Every structure is written in structure tokens, then in C-alpha cells.
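J.: Once you've had a glance at the structure underneath, I'll fire off some questions.
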Amino acid sequence: MAGEPRSRETGATELTGAQALLKSLEKLGVDTVFGLPGGAILPLYDPLFDSDIRHILVRHEQAAGHAAEGYAVATGRVGVCIATSGPGATNLVTPIGDAYMDSVPLIAITGQVKSTAIGTDAFQEADIRGITTPITKHNFLITHAEDIPAALAEAHHIARTGRPGPVLVDVAGDALRQVVPFVWPEKITLPGYKPTVSPHAKQMSSAARVLAAAERPVLIAGGGIIRARAAKELKAFVEATGVPVATTLTAKGVFPSTDPLYLGMPGMHGTVAAVGAIQRADVVLAVGMRFDDRVTGELSTFAPHATVIHADIDPAEISKNINADVPIVGDARKVLAGLIDRLEGKKLQDLSSWHEYLQGLKDRYQVAKERSADGTLSPQWVIERIGEKFGPDAIYATGVGQHQMWAAHLLPVDQPNHFLTSGGAGTMGYCVPAAMGAKVGAPDKVVVGVDGDGCFQMTNQELVTCALNHIPVKIAVINNSALGMVRQWQSLFYNERYSHTDLNSDQLPDIPKLAEAMGAVGLRATTETEVDEVLARAAEINDAPVVMEFVCEKDAMVWPMVAAGTSNDDIKIARDMAPNWGEDEL
Amino acid sequence: MRTHTLSVLVSNKSGVLARVVGLISRRGFNIDSLSVGTTEHPDVSRMTIVMAVEDERVIEQVVKQLNKLIEVYKIVELEANAVNHEMLLVKVSCTDSTRSAVIDITNLFRGHIVDVSPDSVTIEVTGGRQKIDSFSAMVSSYGIIEMVQSGQVALGRGSRSINEKKRPALAKHKG
Ligand SMILES: Cc1ncc(C[n+]2csc(CCOP(=O)(O)OP(=O)(O)O)c2C)c(N)n1
Ligand SMILES: [Mg+2]
């Protein structure tokens, strides 16, 4: 900023708190933010008007948060969102919680009422620091302008290092207006924050010993491997050891799905091969994952024969749900690289019969892609077709529900940061804004959302933002006229009593018209021929957002399934149908 | 059930107590006693958290989760023989005929009479849990008008401070 006044005593530039905040963001390399202004944050929006930072004006703050998440995941950088006090800030709660569950590096900046009014129930006051304490890695309430640069530097550092996560910076209105010398912190001093990055040598040696003796090992790869940028090390580890790999939902893409040693996803809707491997494994190597209950099923029967090696950068995850026989605290990349080193030259067990057994499960139990009897579109078939059309180079975002699980099984994602989904929180409404954020961060990539009709109706307003800001995302709506995943549970566990899960989205809204009204191209397919036409048309459009509605059958279910609270051993491949484990082959 | 005493050094800033207490209750852990005060270092406060747990994994989780708080600097689990004191202030009703008996009991426990009125005495007693419990049992027959108890504060024995302690509680659980 040219022509800034300087402090007489220190020679430092004199800036308002708001200017200091923007300058701090610039120093941190932030060039894009998502937000929506209001009274308390107005002092920040004034200098933002002239700033080089790109601000995308969303239609709802929740979308600013999810867009920042999508941006963060697609680029591997820290996402930034901005909202005003009170309702603006509380609208950020859902995406902040989402980012917390999935360890997404995020900075949320909120305006707060002026410091003298804090605690008085002032207009649009909310204790957003208190509200977000359980769902942020850390948060700040800033009441003095001079504290702004250090808080931003610390927030950025905390958000992206160790186990990444959201950090909220709440700034009182008067702190934004106050003029103070700008002092950028030379170094960050956080005596209470020292993530353990390098794994302990002794534990690594034990892990190598256990792995060398393993006859039926399996690696469960979690989203932490993506955050640690360790896909290369994972591949090298598997090549060196022959240990088969399952990837959790948030890790999809970290290992090539085409690799013969890839087993698919573990858990409630995991593949028979992945779940079967875990239940029969003598060694489970879990890296950058946290044994979520959707992965483990009933804890007491999870991987009953396995020695568990658990590596994570967050010590609190180790032995939280599953007791770790070999605990390793450290960065996933260092762990995997270190294990490769330690296993080099060691004699490993012959895994060929284990590989054969798992290949047998893979061959026998591919994820069902049945076509419906009456000619209505099968959602699985449509999703597979979407994947074929846009290929492994596209970035995919999903909503939450059946379509999400099918997307996880069927989309051809073979690179990290190419599959954006709400895992730990399961936040409906994530897809459209996350796709938007991803496209802003990776404008040269084709970004495809695979959304549900329920989810789409929560955040589709951002198509306006996409249209006005030339963010040409492609959103496929898998319209099964229902809150399908909930309906599936009603089918299976509530005697087909479909209490309030029928959305009637075959009647309303008219999705293509809705899309058109928001400046997107709206397309609809009801037959297989139309599906291919719609996909071809959508692929051609690169100057506007496109919405593709696929009118699908209602009764398709996600299989396999481990019913909530039951054992992985009770996985079903269809209603009342257990897989044939062919155990004698083992 | 085994009782654990955690000494926690935290940043002396507003909101830190809320973070610590919120985290412990949110994760479903129960605190027996908590006290907080300043230390020899003006930027650092020290908390003493006492918890009784059935499963040692609970205390391990508490320590690990607390360690994740940016404003928590260090956590040390004190040994069972640490000096662990609390304070009791109790107002006991008495008459001219019972007052000396109450004073005798107080002296026996090395307590102090801190206030007297024609029909009551207020007594201050400090010490370990057992001493406090037996004292209140002894005076209860005279009629306790009201009482208040502090949380426990604790220091390890010997000349070393927890600042010098090489093995903070986390290291023990980290493996
Ligand atoms: C914000 C939110 N509310 C409720 C739920 C519970 N829920 C999980 S899946 C689902 C249905 C989603 O419907 P839709 O988007 O049509 O996807 P489908 O399952 O039909 O593919 C619901 C309601 C949720 N995950 N998130
Ligand atoms: Mg639906």
C-alpha cells in the first residue's frame, strides 16, 4: 500500500486494524477469500474494496465456509472465509465444524461488536469464540488492533501444521478501526504448540518388525496421508511390501484405484474386500486415520486377529477407539518413508495366497451397479457414467447420502485432493459451495459436483455466485425424489415407514429451471440415452455453471452395508445376503 | 477407581479455564476438584485437576486432549505422595457450654478460629482430604451452619519444579 502514514516513534507503517488484517493475509500468501459483509465487519470490507485479494461474495455464509474448505482441499493451501458478527458468524458454525472433523486448514474471520459492547447482548452479538471452541483447533478474540498481525500469523500456522484444522479469528469492530503501527511478527512463538512430526525410532523399528512377520497385513490409509502429501510414499511403501490398501472416505484418491492391491473403502459401506481383509488381517497398519465408528462398526469385533500399528500426527487419536499395539506419533510421510527404509533388505513373508484370497473377494463382490427393472435410471449407473465422461483428471465434490457412497465407490479418482466430500461431519449442502471453492482454487481443472436432490436444495443458491463470478462448475443432481440414505434406513430398520423422507423432487423444484433462473445451464435426463446427451452437452460448456438433473429410481440402496452398531463380520452385500467368504481358500 | 492429580501449566489469559473445563466435560470426563491460580511467572497459571477414573485410558485421553489446547503449556501427573491440600471454612454453632470443646477439636486438627459470634465459631482447616473429612465429621455433631471447601492444590515433593520435569505426562502416553 503506497503513501501509508508512518509512526513517528517506530518508523513502522500506521494502519487501521482492518488494513493490518489485509496486509497480514497478503503476507501469508492469501489471495482469495469467500465472504459476506455486515455491520461489524464493514471496517474490513472498506479497504478490501481496493485490495488485490480476490473476494468472492457468497449468498450465504455457510457457503463461504464450505467454499473455503473446497479451495483448501483442492489447492492444499489454507482456505479463508469472512463473516460479520452474530448471525453471520453463526452461519459459519457448520462449515467450521465440518473442517474440524475432516482436518481441513481453514481461517474464519468474523467481525465482533465493539469491545466495550461485548457481553451486553448488543445488536448482532454472539459469543462466536465460545460457540466455536469445541470445533476449532484454536480461536482468538482480538480487541486491540496491534494484536491483529500476530493473531493472523499464528492462526495460519496453527491451521496448516500438525493435524490441520479450522482457526477462528474474531475481531472487535473498534480494533478494526483503531490506527496502530503495523508490526509483523518476526517469528511465531507458541510455547504450547509443538506438533510431533518425526516418529519415534523405537516404535518405527517395532512396526517394521511386526510388518516383516505379517502374513495377512492390510494398510488402512486415511485422509491424513493426503494432508501430509504422502501419496508418493504410500505407493512406494506398497510396492516395496505388497501390503494391500484400503482408503477411508476422505482418503479416496490417495492410492490408485486401478492398482491390483487396492481394496476400496472400509467401513459401513465398505467393499467386501476391504472389510474382509481387515477382519482377517494379522496386522493392521493404520496411517492418518482415526478409527471413526463408521469405519470400525462394533469396536469389540473390529479386526479381531490383528496386531494394530497406528500412526497419526495427533497423539490423542492413538488408542482413543482402538488400542494400538504399536503407537506411532508423527507425520504420515515420515512414517511411510521411514518404514520403507527400515524394511529394506528385510525378508518379508510370502503374501501371494493372501493376495489371491483378496483378489477373489474383489472379483466376486464388485459394487452392485444394477439397472432398474422399469427403465428408470439407476443412480449407480449414472454416477459411473459421470466418472467415465469426466475421467480421473477432474476434481469431484459430493453431497452427503446415497449418492456420496456411490460416488466414493464408482468415481475414477486416482490422485489426492481430487475427491472433496464431507466425511466426519456428513454435512448436507457441502457439494455446491465446495465445488465452487475448488474451481476458484483450480480454475484449469474440470470440477464436477455429484449431489443429491436433498443436499442440492440446501445450498444451490451459490450457483448465482458461480454464474456472476465466472466459476463454471458442473453439478450433477442425482434426483431420487428422496432423502435417500435416510429412506434406506427406514426400508431396512423401520418397516418401510417412510416418515418425512419423500421430497417429491420429481414434482418440485423444477431443477433445470431453477438452475436457469440462477444463470446456470439447466439440463435433465430421464433415460440412458439422455444421460449421455446431457453429459456430452455439459462437457462442452466451459463458460457457465451447468446443472445436470438425473431423474433416478427411488429404491436403489447402497450396498455393501454394515448396519450401525453391528460387527464388520455381519456385512451384507444386499438385503439379508452375506458374502461367501471362501475362508478355506485362505 | 484410582485418583489422579494433574498439574497443568497454562497461559494466564482470559478464556483458558473455560477451554479446559469445557474440553473435559464435553468429552464426558468428570472432575473431582479443580483449582487455578497464578504462579511465580506472571504469564503462566497453574491448575490442579483431580480426577478419579476406573479406566487408565480415560486419564490418558484427558492428558492428550488437554495437550492439544494451544494455551496449555505442560501437564504433569503428580505422584501419589505429592503434597495435596485443600482448605475448609466451616461455621459451627455453639453455646457457652460447647464452645471450648469445638475449640479443642480445632486445635487438635491445627485449625484456626477465624471468626466468633455468641452462637457460632468459624474455623479454617487446611490439609489433605482425609484430615478435612475427619474434621468435618468431628464438628458435625455440634451443628454445621454452613461450610465451603476449596479445590485441591498440589505440589510434588523434593526440590524440583514441574518445569524441570523431563517426562511430562504426554511423553508417558505417547510411546
Ligand atoms: C445437514 C444435514 N441434515 C441431515 C442429515 C441427515 N441425512 C444424511 S443423508 C440424508 C439424505 C440426503 O438426501 P439427498 O441429498 O437427496 O441424497 P440421497 O441419499 O438421496 O442420495 C440426510 C437427510 C445430514 N447428513 N446433514
Ligand atoms: Mg435424494
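J.: Of all the residues that make up region B:82-129, how many are open to solvent by less than 10 Å² (accessible area, probe 1.4 Å) and closer than 18 Å to B:Val50 by Cβ?
T.: Residues in region B:82-129 being open to solvent by less than 10 Å² (accessible area, probe 1.4 Å) and closer than 18 Å to B:Val50 by Cβ: 3 in total.
J.: Scanning for something in a helix (DSSP H, G or I), more than 16 Å from ligand 1 (Cβ to nearest atom) and modelled with pLDDT of 95 or more, does region A:321-333 turn up at least one residue?
T.: Among the residues of region A:321-333, at least one is in a helix (DSSP H, G or I), more than 16 Å from ligand 1 (Cβ to nearest atom) and modelled with pLDDT of 95 or more, which makes the answer yes.
J.: Another one. Please specify each residue of region B:46-81 satisfying the condition of being in a strand (DSSP E or B), open to solvent by 10 Å² or more (accessible area, probe 1.4 Å) and modelled with pLDDT of 95 or more.
T.: Within region B:46-81, B:Arg46, B:Tyr73, B:Lys74, B:Glu77 meet the criteria.
J.: Answer yes or no as to whether A:Leu377 is more than 19 Å from A:Ala435 (Cβ to Cβ) and either surrounded by 22 or more Cβ atoms within 10 Å (Cβ to Cβ) or within 16 Å of ligand 2 (Cβ to nearest atom) (or both).
T.: yes
J.: Then there is this: Do you know which of the residues in region A:426-458 that are within 13 Å of A:Gln402 (Cβ to Cβ), among the small types (Gly, Ala, Ser) and buried (at least 24 other Cβ atoms within 10 Å of the Cβ) is farthest from the chain's Cα centre (by Cα)?
T.: The selected residue is A:Gly454.
J.: Then there's this: With respect to A:Val329, is the statement that it is within 11 Å of chain B (Cβ to nearest Cβ) and either open to solvent by 20 Å² or more (accessible area, probe 1.4 Å) or on the phi < 0 side of the Ramachandran plot (or both) true?
T.: yes
J.: Also: Counting just the residues of region A:1-17 that are open to solvent by less than 80 Å² (accessible area, probe 1.4 Å) and touching a Pro at 6+ places or on another chain (Cβ under 6 Å), which one comes out modelled with the highest pLDDT?
T.: A:Glu14
J.: Report the residue count in region A:489-503 for those that are closer than 27 Å to A:Leu523 by Cβ and not hydroxyl-bearing (Ser, Thr, Tyr).
T.: Residues meeting the conditions: 2.
J.: Name the single residue that is least open to solvent (accessible area, probe 1.4 Å) among those in region A:178-203 being within 11 Å of chain B (Cβ to nearest Cβ) and outside any loop (DSSP other than H, G, I, E, B).
T.: Restricting to residues being within 11 Å of chain B (Cβ to nearest Cβ) and outside any loop (DSSP other than H, G, I, E, B), the top hit is A:Gln203.
J.: For B:Pro42, only one of the following conditions fails: (1) over 15 Å from B:Leu155 (Cα atoms); (2) surrounded by 12 or more Cβ atoms within 10 Å (Cβ to Cβ); (3) not assigned by TED's automatic domain parsing to the domain that holds B:Asp133. What is its number?
T.: Checking B:Pro42 against (1) over 15 Å from B:Leu155 (Cα atoms); (2) surrounded by 12 or more Cβ atoms within 10 Å (Cβ to Cβ); (3) not assigned by TED's automatic domain parsing to the domain that holds B:Asp133, the one that fails is (2).
J.: For region A:295-326, which positions are within 11 Å of chain B (Cβ to nearest Cβ) and either more than 30 Å from A:Tyr193 (Cα to Cα) or of a type in the set (Ser, Thr, Tyr) (or both)?
T.: Hit for region A:295-326 is A:Ser319, nothing else.
J.: For A:Leu348, are the conditions met, namely being open to solvent by less than 30 Å² (accessible area, probe 1.4 Å) and either away from chain B (no Cβ under 14 Å) or at pLDDT below 95 (or both)?
T.: no
J.: Identify, from the list A:Ala435, A:Ala425, the residue that is within 10 Å of ligand 1 (Cβ to nearest atom) and either more than 15 Å from A:Gly70 (Cβ to Cβ) or touching a helix residue (DSSP H, G or I) at 6+ places or on another chain (Cβ under 8 Å) (or both).
T.: That would be A:Ala425, the only listed residue that is within 10 Å of ligand 1 (Cβ to nearest atom) and either more than 15 Å from A:Gly70 (Cβ to Cβ) or touching a helix residue (DSSP H, G or I) at 6+ places or on another chain (Cβ under 8 Å) (or both).
J.: Then there is this: If you go through region A:537-586, how many residues are charged (D, E, K, R) and touching a strand residue (DSSP E or B) at 6+ places or on another chain (Cβ under 7 Å)?
T.: 5
J.: Looking at region A:134-146 only, could you name the residues that are open to solvent by 30 Å² or more (accessible area, probe 1.4 Å) and farther than 24 Å from A:Val179 by Cα?
T.: Result: A:Pro134, A:Ile135, A:Lys137.
J.: Need a quick list: helices (runs of 4 or more DSSP H) entirely within region A:61-177 having at least 3 residues that are closer than 29 Å to A:Ile471 by Cβ.
T.: A:61-75, A:87-90, A:93-101, A:148-160
J.: Related question: Identify the residue in region A:466-488 that is near ligand 1 (Cβ under 9 Å from one of its atoms), in a helix (DSSP H, G or I) and of a type in the set (A, V, I, L, M, F, W, C) and, among all such residues, is nearest to A:Gly437 (Cα to Cα).
T.: My answer is A:Met485.
J.: Is there a residue being among the acidic types (Asp, Glu) and assigned to a loop (DSSP other than H, G, I, E, B) anywhere in region A:279-297?
T.: Looking through region A:279-297, at least one residue is among the acidic types (Asp, Glu) and assigned to a loop (DSSP other than H, G, I, E, B).
J.: Okay, moving on. Considering every residue within region A:34-55, establish whether at least one is open to solvent by less than 10 Å² (accessible area, probe 1.4 Å) and aromatic (Phe, Trp, Tyr).
T.: yes
J.: Out of the helices (runs of 4 or more DSSP H) lying entirely within region A:389-465, which hold 2 or more residues that are away from ligand 2 (no atom under 14 Å from the Cβ) and closer than 21 Å to A:Asn91 by Cβ?
T.: Qualifying helices (runs of 4 or more DSSP H): A:431-441.
J.: Among the residues of region A:438-445, is there at least one that is within 11 Å of ligand 1 (Cβ to nearest atom) and either out of contact with any Ser or Thr (no Cβ under 8 Å at 6 or more places or on another chain) or under 22 Å from A:Arg77 (Cα atoms) (or both)?
T.: The answer is no, given that none of the residues of region A:438-445 is within 11 Å of ligand 1 (Cβ to nearest atom) and either out of contact with any Ser or Thr (no Cβ under 8 Å at 6 or more places or on another chain) or under 22 Å from A:Arg77 (Cα atoms) (or both).
J.: How many of the residues making up region A:450-464 are touching a helix residue (DSSP H, G or I) at 6+ places or on another chain (Cβ under 8 Å), without any contact (Cβ under 8 Å) to a residue 60 or more places away in the chain and among the aliphatic types (A, V, I, L, M)?
T.: Counting residues in region A:450-464 that are touching a helix residue (DSSP H, G or I) at 6+ places or on another chain (Cβ under 8 Å), without any contact (Cβ under 8 Å) to a residue 60 or more places away in the chain and among the aliphatic types (A, V, I, L, M) gives 0.
J.: Identify, by number, the condition in (1) away from chain B (no Cβ under 14 Å); (2) more than 23 Å from the chain's Cα centre (by Cα); (3) aliphatic (A, V, I, L, M) that A:Ala153 doesn't meet.
T.: Failing condition for A:Ala153: (1).
J.: A further question on this structure: Considering only residues of region A:476-503 that are touching a residue at least 12 places away in the same chain (Cβ under 8 Å) and more than 14 Å from ligand 2 (Cβ to nearest atom), which is least open to solvent (accessible area, probe 1.4 Å)?
T.: Top of the filtered list is A:Leu492.
The values are calculated or read from the model by the stated rules, or taken from the named source; none is laboratory data. All values reported here derive from a predicted model rather than from experimental measurement. Note: ideal-geometry Cβ built from the backbone for every residue, glycine included; neighbour counts use all protein chains shown. Quick note on the areas: whole protein, heavy atoms, side chains included, nothing else; ligands and nucleic acids left out. Shrake-Rupley method; radii C 1.70, N 1.55, O 1.52, S 1.80 Å.
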